[in-house]
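Just below is one structure, and these are the notes that go with it.
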Protein chains: 2
Amino acid sequence: MVTLADVAQHAGVSASTVSYVLSGKRTISEVTKQRVEHSIRELGYLPNAGARALASSRSNIIALMMPLRTDMYVPVMMEIAIAVATNAREHGFDVLMLTGEEGPSAVRRVVGSGLADAVILMDVELDDARLPLLRESGRPAVLIGLPAQTTGFTCVDLDFAGAGSLCAEHLAGLGHREIAMIGEAPAVYERKTGFAERTVDGLRSRARELGVRVLHRPCEGTYAAMASALGQIFTERPGVTGFVVQNEQAVEPLLSLLRQDRRAVPEDISVVAVCPEQVALQGSVRLTSVTIPAREMARRAVDHLIAKIEGKADDEVVLLQPELVTRASSGPAPV
Amino acid sequence: MVTLADVAQHAGVSASTVSYVLSGKRTISEVTKQRVEHSIRELGYLPNAGARALASSRSNIIALMMPLRTDMYVPVMMEIAIAVATNAREHGFDVLMLTGEEGPSAVRRVVGSGLADAVILMDVELDDARLPLLRESGRPAVLIGLPAQTTGFTCVDLDFAGAGSLCAEHLAGLGHREIAMIGEAPAVYERKTGFAERTVDGLRSRARELGVRVLHRPCEGTYAAMASALGQIFTERPGVTGFVVQNEQAVEPLLSLLRQDRRAVPEDISVVAVCPEQVALQGSVRLTSVTIPAREMARRAVDHLIAKIEGKADDEVVLLQPELVTRASSGPAPV
DNA sequence: CAGAGGAGTCGAAGCGCTTCGACAAGGCGG
DNA sequence: CCGCCTTGTCGAAGCGCTTCGACTCCTCTG
């Protein structure tokens, strides 16, 4: 193992000089710098992470906590996680992966031991048990999601209410007067994550303004559940011509069932999805959709977090503006 | 911040005693132990990770490297990652998430700096660029997958060849004489990950023994790609009555297209999938499938890795035995 | 031409923990 | 009843790095 001291000796300078070359915290003459850097390369020196963390009380590690709810849509989480890791690296940080298994106290452990400098929380509930612990710790934190009480945290999320109203506007603009919303699985609502409700609220209130009737049905992402939900919807509201789907697992079942039912998309029925772009593109029909910008959320979260670590950012609620892209699954309401 | 010394003082013992209570590496009388543990709780002491790593040259961190190929099936990766993290915690380890973005040298950085004690590599290619670096580092490593050259590593993977032959046996046993295999996307084969080829090989050789003809078609997981592949298959081999699908994104398109084509599953066509259990269960038809045991793979990988860290395990190739579960998508060949 | 101040470097003091050797106190066999 | 081993505890020496103050040259400025 090569140490700082070895490099210093090899370059004929003191250890502190090498350290300053590495950190750039003091001016070092160009010659010395070159010499030191050459020695570093020559010896294949890599600073010891533990020693660094101990001396500087900074680990350059961000903890990413993602509880694993099987009912939660996994690809979005994964995309965010990957993007967080990639982004963090660009700032010189690594990412520690925390699952929900350990419970809220994982936050305390990781932050209290100095293992992580800061925390990103995913899948945040309205009244999340991890938040008090995090607040107490005083460490920088960013939430992906929007809890009831945001003081002390920066929150990054899609403006789901806005997404809902965009869907309402789109369908209303195409002449639809009765629409149904296929929501997330009931378990998601029970868990009180907030985003599902916000979407419905946004959809509802804009629809009301535009004179459109809305029927909302939470639904699991299986064929069976979808079939039953669809049956109920058409029984209760035979005039429904537009669908908004938030549960991405339900998208294919819905399309498939409509097809079986001999209802053409978009001629008879228009479908708008709230989902990641990939899902909108890869199905049997290219879906008109409001994209869930996973990468963008991750990028914002990391950038904010780094800024907070460096003491140059305040708490803030960042709601990303949703965009609706019209594709092949929506069209004018039938006459 | 509470330190070991604070605890020692509070308990009226020396720092080393506290350390030994924590690590259990020397015998400590029950009374002292109680007293120390009480002080720890009282003060809310958490050992500093950096100091610990520095002094013991063990970070208790495992690096999990998962390159992000968009063509790779994401949920399996995610399931493995989560299971790795959860399992590692049970052994007192945390997991550092590495993406492919940084390139193979990420391995060197993380291991050379002492940030991670060991490494788990996912999505291993036959001739993976990360392997030489890892070998050189001398750190314990487990690969999830099977490269061409395994010396120096423990490898954990599903016996995909066995999975292939199970599929052949199942379909042959039901009387099918001509089967088609829908493989992974062409990009997967080009990347030389090995598992896709092994499945085909296993399927082919067992099929030959059983007198079954096999047609193999790599296929992307989109409707369009599937439609075209299916057209070609039935043109080339009109007598095909059995399908083996390895690309899980292709499963729903296949079923949907067969339905459209008025070919009933399982009456006219039998379908066997190689996929995680969840995928087999949640579609429009409950699929006969060979499960990809993501969690089990993760568990084995972590257990082996920990054993290697503690110096009590050798390199080994662990191929998990595949199991075929018969469900609603396969039945006797039509007469 | 003296003094101020900047640039470049060094030495040393930790950071909080682990671990090794030492040592005191008691239990045992011979 | 002495020496020996075991058990329980302590002190001190690091682990490899960061960082603060101090010091030495220079280069300006008045």
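Since every read-out is calculated from the coordinates, none of them should be taken as a lab result. These figures come from a predicted structure and were not determined experimentally. Note that we place each Cβ from the backbone using ideal geometry, even for glycine, and neighbour counts take in every protein chain shown.
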> Using a Gaussian network for chain A with springs between C-alpha atoms less than 10 Å apart, which of these wobbles most: A:G100, A:G12, A:G221?
Replying inline: A:G12
> When DSSP assigns beta bridges and you keep just the ones with both residues in chain B, what percent turn out antiparallel, to the nearest 5?
Replying inline: 5 percent
>> I'd like the FRET efficiency for A:R259 and A:R213, computed as 1/(1 + (r/R0)^6) with the beta carbon distance as r and R0 of 25 Å, rounded to 0.05.
In response: 0.50
> Which whole-number percent is the relative contact order of chain A (Cα, under 8 Å, 6+ apart)?
Replying inline: 17 percent
>> If you take each beta carbon of peptide B:74-83 and count the beta carbons of other chains within 10 angstrom, what is the mean?
In response: 5
>> Test of understanding: ordering B:T151, A:T150 by Cβ neighbours within 10 Å, fewest first, what list do you get?
In response: B:T151, A:T150
> How do A:I61, B:I62 line up, fewest other C-beta atoms within 10 Å first?
Replying inline: A:I61, B:I62
> Where the eigenvalues come from the Cα gyration tensor of segment A:4-47, what are the semi-axes √(5λ) of the equivalent ellipsoid, largest first, in whole Å?
Replying inline: 14, 10, 9
>> Assume the label is 7 Å from Cα along Cα to beta carbon: what separations in nm does A:D315 have to the matching positions in the other copies?
In response: 5.3
> To the nearest 0.05, what FRET efficiency results for B:R237 and B:V317 with a Förster distance of 45 Å applied to their C-beta separation?
Replying inline: 0.80
> Tally Lys/Arg at +1 and Asp/Glu at -1 over every other residue whose Cβ is under 10 Å from the Cβ of B:S59; what's the total?
Replying inline: 0
>> Please report, for A:E136, the nm distances (one decimal) from its label point, 7 Å out from Cα along the beta-carbon direction, to the equivalent points in the remaining copies, shortest first.
In response: 4.6
> Any idea what the relative contact order of segment A:4-47 is, in percent, if you count C-alpha pairs under 8 Å spaced at least 6 apart?
Replying inline: 41 percent
>> Going 7 Å from Cα along the Cα-Cβ axis for the label, what nanometre distances separate A:D268 from the same residue across the other copies?
In response: 2.2
>> Run the paramagnetic zone check for A:A224: 7 angstrom along Cα to Cβ, then residues of segment B:248-279 with backbone nitrogen under 15 Å.
In response: B:278-279
> In percent, what relative contact order does segment A:160-291 have, based on Cα pairs under 8 Å that are 6 or more apart in sequence?
Replying inline: 26 percent
> At 222 nm, what helix-only mean residue ellipticity would chain B give, in deg cm²/dmol to the nearest 500, using -39500 (n - 2.57) for each DSSP H run of four or more?
Replying inline: -14000 deg cm²/dmol
> By its C-alpha gyration tensor, with a ≥ b ≥ c as the square roots of the eigenvalues, how is segment A:1-103 shaped: rounded for a/c under 1.5, else prolate for a/b larger than b/c, else oblate?
Replying inline: prolate
>> What does the C-alpha gyration tensor say about the overall shape of segment B:160-293? Classify as rounded when a/c is under 1.5, otherwise prolate if a/b is larger than b/c, or oblate.
In response: rounded
> Which percentage, to the nearest 5, of the DSSP beta bridges contained in segment B:184-335 is antiparallel?
Replying inline: 20 percent
> Who wins for biggest fluctuation among A:N48, A:N60, A:N87 in a Gaussian network model of chain A, springs between alpha carbons below 10 Å?
Replying inline: A:N48
>> Around A:A313, under 12 Å between beta carbons, what's the net of Lys plus Arg minus Asp minus Glu among the other residues?
In response: -2
> Out of the DSSP beta bridges found with both residues in the protein assembly as shown, what percent are antiparallel (nearest 5)?
Replying inline: 10 percent
>> Under 10 Å, Cα contacts only: if you run a Gaussian network model on chain B, which one of B:L22, B:L133, B:L281 comes out with the highest mean-square fluctuation?
In response: B:L22
> On average, how many beta carbons from a partner chain sit within 10 Å of the beta carbon of a residue in B:101-113?
Replying inline: 3
>> Loop only by DSSP, 11 or fewer other Cβ within 10 Å of the Cβ. Give me the GluC sites (Glu not before Pro) in segment B:291-329 that pass, ordered by residue number.
In response: B:E310
> In the protein assembly as shown, how many lysine pairs have Cα atoms under 23 Å apart, counting only pairs 8 or more places apart or on different chains?
Replying inline: 6
>> Rounded, prolate or oblate, given the Cα gyration tensor of chain A, with a/c below 1.5 counting as rounded?
In response: prolate
> Looking only at other chains, what is the average number of their beta-carbon atoms within 10 angstrom of each beta-carbon in B:275-286?
Replying inline: 2
